[in-house]
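Read through the structure below, which is laid out as structure tokens, and then see the notes.
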Amino acid sequence: MNAAIFLDRDGVLIADRGYVYHRAEVVLLDGVAAQLKVLKRRGYLLIVITNQSGIGRGYYGHSDVFAVHRVLQALLAPAGVQLDAFYYCPHVAADACACRKPAPQLLLQAIRDFQIDAARSYFVGDKDSDLECARRGAVQGVSAPLANLLALL
């Protein structure tokens, strides 16, 4: 079974500028590429789990989310880092869907898809909903920044 680091996107990997959907808005947080490289070397899968309610609000579309994720991968590539997967919820909170964090549906789907050992995995987030998702998915939650996780390992 694999071990994984689940990562919120905005505020953990990239600057949280509200509803990020333009390529120019994608800015890696300081040290993220190097920290992810350490985690990859230690054998962890790196999986992003993010709420993208801007889709449900009509601010942008699915293709914009895919474009942001491609830019994120391109920014990480010079450090030799590739994120293994992206899972996102396009709904607003009022939709009461099963995939919006803190609901653990996306986390549990990733665990199934990649045969992940939850007991050896972590979720790094910057919001209470991220940490609650981790708790509900039986992985250890760690508050951002990524350096907090590295201090634990």
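List of remarks:
- Of all the residues in region 39-81, those that are more than 16 Å from VAL12 (Cα to Cα), in a helix (DSSP H, G or I) and not aromatic (Phe, Trp, Tyr) number 16.
- Members of region 57-83 that are surrounded by 16 or more Cβ atoms within 10 Å (Cβ to Cβ) and touching a residue at least 24 places away in the same chain (Cβ under 8 Å): TYR60, ASP64, VAL65, ALA67, VAL68, VAL71, LEU72, LEU75, LEU76, VAL81, LEU83
- Listed by first and then second residue, the pairs with beta-carbon distance under 8 Å, at least 6 apart or on different chains, first residue in region 33-56 and in contact (Cβ under 8 Å) with a residue 40 or more places away in the chain and crowded, with 19+ Cβ neighbours inside 10 Å, second part of a helix (DSSP H, G or I) and polar (S, T, N, Q), are ASN51/SER129.
- Residue satisfying all of: in region 100-153; under 17 Å from ALA3 (Cα atoms) and among the polar types (S, T, N, Q); farthest from the chain's Cα centre (by Cα) among these: GLN115
Read the figures in this text as sums done on the coordinates, not as results from a lab. Note that the structure is a prediction, hence the values are computed from the model and not measured. Note: ideal-geometry Cβ built from the backbone for every residue, glycine included; neighbour counts use all protein chains shown.
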